[in-house]
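Asker: Handing you this structure, nothing more for now.
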Amino acid sequence: MYIESLNLKDYRNYQELFVEFENKVNVILGENAQGKTNVMEAIYVLAMAKSHRTSNDKDLIRWDQDYATIEGRVKKQHSSLPLQLVISKKGKKAKCNHIEQQKLSQYVGNMNVVMFAPEDLNLVKGSPQVRRRFIDMEIGQVSPVYLHDSGQYQKILQQRNHFLKMMQIKKQSDLTMLDILTEQFIGMAVKIVLRRFEFLRLLQNWAKPIHQGISRGLESLEIQYKPSVDVLDSLDLSKIVASFQEKFEKVKNREIERGTTLFGPHRDDILFFVNGRDVQTFGSQGQQRTTALSVKLAEIELIHAEIGEYPILLLDDVLSELDDYRQSHLLNTIQGKVQTFVTTTNVDGIDHQTLKEASTFEVVSGDVKKLN
Ligand SMILES: Nc1ncnc2c1ncn2[C@@H]1O[C@H](COP(=O)(O)OP(=O)(O)O)[C@@H](O)[C@H]1O
Ligand SMILES: [Mg+2]
């Protein structure tokens, strides 16, 4: 799939923008603070209904304005789909094919994107929260059911935490009620765990050969799901439920003492191993970069396998960060099949045939002009 046109109104530093794109590599060129990332972010937000760099939607609205609009047309194999997202201080409204969507979880997934920005190097180095957010966003864009379930999970987690807090300060002592909340919690948790397990297994299948290629056959990558409740040896629903039940029975008193839920998908993590060693702890910066890059490239293939179309690739300020070999590997992989946006302050550092054939756009203080 590819995005044919993008129309912004009062989005970040864009008062009004209309720009058309082709299904190839599009280079967004400009000095710092001109609005390159803002364009990439707008495409991401149109797809995911969420920014990759802020959780505060108000940041997206141009200063002193009441709402921001992002519109785009996405071309797929058999359709051309108009999408619209209006962000106001009160919330977001999404339209697909001119029809207002009741739930954002149903809207997300109409357009698929993979973003690779410098922050993504944190996927390996950063906190578990970064990796959980990664899994949630990525499964979410191919599975509306997962998006819905993880919303429900957050709700029941909050309820359970609130109840435990009340028990901690002795405003509540109803153990039966706690058991009911625990059962509901486990019901949702198990769905999340199973889907994450399956996603990471698929991701690893794609990422392993890619990583091998980038490392010239020297490195073998393994991605391991590390759920906070040990379910690794069984993908059997009733067994997972049983291990959750056992765990929560054991930690009941400790949870009441602490006033919070101590286990569950909100505490999960992902581990990356290169040649059997944990990359987070033992990997060189180069290995951490290769791992992040392999995971992103794997995601492109995974989305293609799941939905039958390639996603749109957004490379914000990363191409010039990669050495020549990794750069060529990346560009060779996407060549001719993935619509790609690349931002850079300078085209000199990027030397590849793909870029010679690319369209170039120049960004100057919230305005985009096509150069070729
Ligand atoms: N909500 C907003 N309203 C108006 N301008 C904004 C808003 N958010 C960010 N900006 C401006 O956008 C510019 C940064 O754009 P960005 O896309 O990050 O630049 P770069 O080209 O370096 O990637 C800055 O000048 C910043 O002040
Ligand atoms: Mg930027």
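The values are calculated or read from the model by the stated rules, or taken from the named source; none is laboratory data. Here the structure is a predicted model, which means the values were calculated and not measured. Cβ atoms come from the backbone with ideal geometry, glycine included; neighbour counts cover every protein chain shown. Note: areas computed on protein heavy atoms with side chains; ligands, DNA, RNA excluded. Shrake-Rupley method; radii C 1.70, N 1.55, O 1.52, S 1.80 Å.
Asker: Convert 37 °C to kelvin, take the viscosity as 0.692 mPa s, use the Kirkwood radius over C-alpha pairs of the stretch 45-104 as Rh, and evaluate the Stokes-Einstein diffusion coefficient in µm²/s, rounded to a whole number.
Answerer: 268
Asker: Suppose we take every Cα in the chain and form the convex hull; what volume per residue is that in Å³?
Answerer: For the chain, the hull spanned by Cα atoms encloses 154 Å³ per residue.
Asker: Using the heavy atoms of the protein chains alone and a 1.4 angstrom probe, what is the accessible area of the stretch 109-166 per residue in square angstrom?
Answerer: 39
Asker: What angle, in degrees between 0 and 90 and rounded to the nearest 10, separates the Cα long axis of helix 175-214 from the longest principal axis of the Cα atoms of the chain?
Answerer: Value to nearest ten degrees: 40.
Asker: Semi-axes, largest first, in whole Å: what does sqrt of 5 times each Cα gyration tensor eigenvalue give for the stretch 278-322?
Answerer: Each semi-axis is √(5λ); the values are 24, 15, 5 Å.
Asker: If you don't mind, another one. For helix 144-168, what angle does its Cα long axis make with the longest principal axis of the chain, in degrees from 0 to 90 and rounded to 10?
Answerer: The angle comes out at about 40 degrees.
Asker: Per DSSP H run of at least 4 residues, take -39500 (n - 2.57); add these up for the chain, divide by its residues and hand me the 222 nm value, nearest 500 deg cm²/dmol.
Answerer: After summing the helix terms and dividing by residue count, I get -14500 deg cm²/dmol.
Asker: Based on alpha-carbon atoms only, what is the radius of gyration of the stretch 217-372 relative to the globular estimate 2.2 N^0.38 Å?
Answerer: Here the answer is 1.47, to two decimals.
Asker: Name the long-range amide H neighbours of ARG53: under 5 Å, sequence gap of 5 or more, or other chain; modelled H, no Pro or chain starts.
Answerer: HN-HN under 5 Å from ARG53: empty list.
Asker: Once you put a point 7 Å from the Cα of VAL347 and another 7 Å from the Cα of LEU194, both along the Cβ direction, what distance in nm separates them?
Answerer: 5.1
Asker: Using only the Cα atoms of the stretch 311-372, what are the Rg and Dmax in Å?
Answerer: Values for the stretch 311-372 (Cα only, Rg and Dmax): 11.7, 33 Å.
Asker: Moving on to the next point. Taking the alpha-carbon distance from LYS191 and a cut-off under 24 Å, which lysines remain once sequence neighbours fewer than 8 residues away in the same chain are dropped?
Answerer: Those lysines meeting the cut-off are LYS50, LYS103, LYS155, LYS226, LYS239, LYS247, LYS250, LYS252.
Asker: Per the Debye formula with a single identical scatterer at each Cα and no solvent contribution, what log10 I(q)/I(0) holds for the stretch 128-283 at q = 0.13, 0.19 Å⁻¹?
Answerer: The Debye formula, applied to the Cα set alone, gives -0.67, -1.17.
Asker: A further question follows. If I fit a long axis through the Cα atoms of helix 324-334 and take the longest principal axis of the Cα atoms of the chain, what angle between them do I get, 0 to 90°, rounded to 10?
Answerer: Once rounded, the angle reads 90 degrees.
Asker: At 1.4 Å probe size, with the rest of the protein present, what percent of the exposed accessible area of the chain is carbon and sulfur atoms?
Answerer: Carbon and sulfur: 47 percent of the exposed surface of the chain.
Asker: Can you give me the convex hull volume of the Cα atoms of the stretch 42-154, divided per residue and expressed in Å³?
Answerer: Hull volume normalised by residue count: 123 Å³.
Asker: Okay, moving on. How large is the direction-averaged shadow of the alpha-carbon convex hull of the stretch 1-90, in nm²?
Answerer: Average projection, Cα convex hull of the stretch 1-90: 6.0 nm².
Asker: Using only the Cα atoms of the stretch 194-272, each taken as one equal point scatterer with no solvent, compute I(q) by the Debye sum, divide by I(0), and report log10 of the ratio at q = 0.13, 0.23 Å⁻¹.
Answerer: -0.53, -1.05
Asker: Kindly rank 238-247, 29-38, 311-320 from highest to lowest mean number of other beta carbons found within 10 Å of each residue.
Answerer: Most protected by this proxy first, the peptides run 311-320, 29-38, 238-247.
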